[in-house]
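Below is one structure, written out as structure tokens; the observations come after it.
The values are calculated or read from the model by the stated rules, or taken from the named source; none is laboratory data. Please read all numbers here as calculations on a predicted model, not as lab measurements. Note that we place each Cβ from the backbone using ideal geometry, even for glycine, and neighbour counts take in every protein chain shown. Surface areas here come from the heavy atoms of the whole protein model, side chains and all, with no ligands, DNA or RNA. Shrake-Rupley method; radii C 1.70, N 1.55, O 1.52, S 1.80 Å.
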Amino acid sequence: MAEYWLVDGFATYLYGLKLIAIAVALAMLVSGVDDLFIDAVYWLRATWRRLTVYRRHDRLEYRALYEREEQPLAIMVPAWHETGVIGRMAELAATRFDYENYQIFVGTYPNDPDTQRDVDEVCARFPNVHKVVCARPGPTSKADCLNNVLDAIFQFERKARLSFAGFILHDAEDVISDMELRLFNYLVDRKDLIQIPVYPFERPWYNFTSLHYLDEFAELHSKDVPVREAVSGQVPSAGVGTCFSRRAVIALLEDGDGIAFDVQSLTEDYDIGFRLKEKGMEEVFVRFPVIREARSTPNLRWRLGMHERDTNVICVREYFPDTFQTAVRQKSRWIIGIVYQGFKTHKWSRNWRLNYFLWRDRKGALTNFLSFAASLILLQLLALLLYQWLAPDPYHFLSIFEGDGWLVTLLWINLLLMSNRMLQRLIFVTRYYGLVQGLMSIPRLFWGNIINFMANWRALSQIIAQGDPRRVAWDKTTHDFPSLGEENRARRPLGQILVSQGVLSKARLAE
């Protein structure tokens, strides 16, 4: 008798699973059609430009960037517990830029002497690198640190009797393109927010956690953000590789009563893109390739799928978290700032284009759970199938999709939409990183879904614990910086070089 009750209970469970599967499938259809729209706009626009615009006009070459006179530019770098990272970043930036008229301002904290020491060493060698000590002990937030840096920049302007034309955001782990400042200098008189792509550095193939960032940014900054700019004219700042015009910074200061960056926001960069758009300012996302030599022989990378113009764009390179826990922490901060704080800060407007991209930003709070739920349903159905195949005398249950032709059709449509998602991801990852990484992006897609689900869960837990998304504390990400390599070893201080070659002893050098 108990056996029959168990069978009846399991049949009821399968019926409930069917209802959940229907709800998940319908929601995934809406999300899939939404993503398909972005894909269609991108490819139609790219085809139209290739057939019309680029046949009538030559593409702008990198030499045109030298035609503009160098204007003073300020680079802002917040740093909290960045020992061993910030010094190398500032050194690399100060030695590789193809630009002269710039200053680097590094924000440090009074209770972080190790980071200050690193910055002091760089400041001693490069007169255009400046240390800023925040008024409050750390950690506060990235926005608070940037406000302190911005105040120091204006003090520097008064003493030096100059005015910076552009204010550039970077993080301590960034590797910056040598032509970045020339590009910003070329555009800053006409645009108020200029964003360049971010391409994460590769790690070993088995590090799915770090490499899933590579997949997401490759598609986001090759397709999604360019479409967003074309449709709505609004560009979200990535927090790095962003240049604000002087007009924009002054407007932000006036809007915030002397405070440019919202100290309660966990994603102050995303927030600023909307604030500037509301003020009618011009925003642009720039994918500008620098190709210095024509190819005289077939490019091997092209045969592996890498596109010459894509692989040579002016961009920011950096390492992203390589452990599951740190990735979840970072992404939960992004979710809280963009989705939950964004709901309270950026209301729906009368501009349907802007509302559409607000919806796309916020739908992740739902789709991350949907993707995880779909995976769980699939695993349960596969387990039932294996039971019926392998058990010696199994009970045979009807498929939860039996007799519902419309539901089967819906699942096939979702399968096609999912296949398209994988194809788009493969194309844009391959363009920059090559075919091997493009193919590996497909299994990484499922691992990324797990990370995004856990980040969403953590974000909700933090909000429930605090009672308000704006009360959630800023959560710092630990950073890595790549080896500078042979090119920059020759740029070490002369004393270090002489000691390493045995010409001087450390004692003699100190004397």
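Consider GLU100 against the criteria (1) assigned to a helix (DSSP H, G or I); (2) open to solvent by 20 Å² or more (accessible area, probe 1.4 Å); (3) out of contact with any strand residue (DSSP E or B) (no Cβ under 8 Å at 6 or more places or on another chain): it satisfies all of them except one. Which criterion is unmet?
Single failed check for GLU100: (1).
Just to verify a result, which residue in the stretch 391-415, among those that are closer than 17 Å to LEU17 by Cβ and loosely packed, with under 14 Cβ neighbours inside 10 Å, is modelled with the highest pLDDT? Walk me through it before giving the result.
Applying the first criterion (closer than 17 Å to LEU17 by Cβ) to the stretch 391-415 yields 395-404, 407-408, 410-411, 414.
With loosely packed, with under 14 Cβ neighbours inside 10 Å added as a condition, the list becomes 395-396, 398-399, 402-403, 408.
Values: TYR395: 70, HIS396: 71, LEU398: 64, SER399: 71, GLU402: 72, GLY403: 70, VAL408: 86.
Checked the stretch 391-415; the qualifying residue modelled with the highest pLDDT is VAL408.
Considering only the stretch 7-64, state which residues are open to solvent by 60 Å² or more (accessible area, probe 1.4 Å) and among the charged types (D, E, K, R).
ASP8, ARG45, ARG49, ARG50, ARG55, ARG56, ASP58, ARG59, GLU61, ARG63
Which pairs do you get when a residue that is assigned to a loop (DSSP other than H, G, I, E, B), found in the stretch 490-508, comes within reach of a residue that is modelled with pLDDT under 70, reach meaning Cβ atoms under 8 angstrom, with the pair 6+ apart or on two chains?
ALA490/ILE497
Which one of the conditions (1) open to solvent by 50 Å² or more (accessible area, probe 1.4 Å); (2) farther than 25 Å from ARG425 by Cα; (3) charged (D, E, K, R) does GLU268 fail to meet, given that it meets all the rest?
For GLU268, the failing item is (1).
Check off (1) more than 27 Å from GLY438 (Cβ to Cβ); (2) open to solvent by less than 60 Å² (accessible area, probe 1.4 Å); (3) modelled with pLDDT of 90 or more for GLN325 and give me the number that stays unchecked.
Going through the list (1) more than 27 Å from GLY438 (Cβ to Cβ); (2) open to solvent by less than 60 Å² (accessible area, probe 1.4 Å); (3) modelled with pLDDT of 90 or more, GLN325 breaks only (2).
Out of the residues in the stretch 119-158 meeting the condition of being open to solvent by less than 30 Å² (accessible area, probe 1.4 Å) and among the acidic types (Asp, Glu), tell me which one is farthest from the chain's Cα centre (by Cα).
The extreme case among them is GLU157.
Each row is one residue, and each column tells you yes or no for (1) in a helix (DSSP H, G or I); (2) modelled with pLDDT of 90 or more.
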position	(1), (2)
GLU82	no, no
MET89	yes, no
GLU121	yes, no
THR140	no, no
ARG158	yes, yes
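Checking SER163 against (1) buried (at least 22 other Cβ atoms within 10 Å of the Cβ); (2) over 23 Å from PHE274 (Cβ atoms); (3) hydroxyl-bearing (Ser, Thr, Tyr), which single condition isn't satisfied?
Condition (1) is where SER163 drops out.
Kindly indicate whether ASN351 is modelled with pLDDT of 90 or more and out of contact with any strand residue (DSSP E or B) (no Cβ under 8 Å at 6 or more places or on another chain).
no
Considering only residues that are aliphatic (A, V, I, L, M) and within 15 Å of CYS145 (Cβ to Cβ), which ones fall in the stretch 243-271? First the steps, then the outcome.
Restricting attention to the stretch 243-271, the residues satisfying the condition of being aliphatic (A, V, I, L, M) are 248-253, 259-260, 263, 266.
Hits for the stretch 243-271 are ILE259, ALA260, VAL263, LEU266.
Tally the residues that are open to solvent by 10 Å² or more (accessible area, probe 1.4 Å) and farther than 18 Å from ILE259 by Cα, restricting the search to the stretch 238-249.
Filtering the stretch 238-249 for residues open to solvent by 10 Å² or more (accessible area, probe 1.4 Å) gives 238, 246-247.
Now restrict to residues that are farther than 18 Å from ILE259 by Cα: 238.
Total meeting the criteria: 1.
Kindly evaluate VAL85 against the criterion of being in contact with a helix residue (DSSP H, G or I) (Cβ under 7 Å, 6 or more places away or on another chain), open to solvent by less than 70 Å² (accessible area, probe 1.4 Å) and within 22 Å of VAL316 (Cβ to Cβ).
Values: in contact with a helix residue (DSSP H, G or I) (Cβ under 7 Å, 6 or more places away or on another chain): no; open to solvent by less than 70 Å² (accessible area, probe 1.4 Å): yes; within 22 Å of VAL316 (Cβ to Cβ): yes.
No, not satisfied.
If you check ARG431, ARG444, which single one turns out to be in a helix (DSSP H, G or I) and within 21 Å of VAL41 (Cβ to Cβ)? Spell out how you get there, then give the answer.
Numbers: ARG444 fails: within 21 Å of VAL41 (Cβ to Cβ).
That would be ARG431, the only listed residue that is in a helix (DSSP H, G or I) and within 21 Å of VAL41 (Cβ to Cβ).
Could you tell me how many of the residues in the stretch 160-183 are small (Gly, Ala, Ser), farther than 30 Å from ARG444 by Cα and either free of Cβ contacts under 8 Å to residues at least 40 places away in the same chain or not in a strand (DSSP E or B) (or both)? Walk me through it before giving the result.
First, the residues of the stretch 160-183 that are small (Gly, Ala, Ser): 160, 163, 165-166, 172, 177.
From what is left, the residues that are farther than 30 Å from ARG444 by Cα are 160, 163, 165-166.
Imposing the further condition that a residue be either free of Cβ contacts under 8 Å to residues at least 40 places away in the same chain or not in a strand (DSSP E or B) (or both) reduces the set to 160, 163, 165.
So the count comes out to 3.
Would you confirm, using the coordinates I've provided, whether VAL106 is β-branched (Val, Ile, Thr), touching a Lys or Arg at 6+ places or on another chain (Cβ under 7 Å), modelled with pLDDT of 90 or more and not in a helix (DSSP H, G or I)?
Working: β-branched (Val, Ile, Thr): yes; touching a Lys or Arg at 6+ places or on another chain (Cβ under 7 Å): yes; modelled with pLDDT of 90 or more: yes; not in a helix (DSSP H, G or I): yes.
The answer is yes for VAL106.
What is the number of the single condition among (1) free of Cβ contacts under 8 Å to residues at least 24 places away in the same chain; (2) more than 20 Å from ARG45 (Cα to Cα) that TYR199 does not meet?
So TYR199 meets the others, but not (1).
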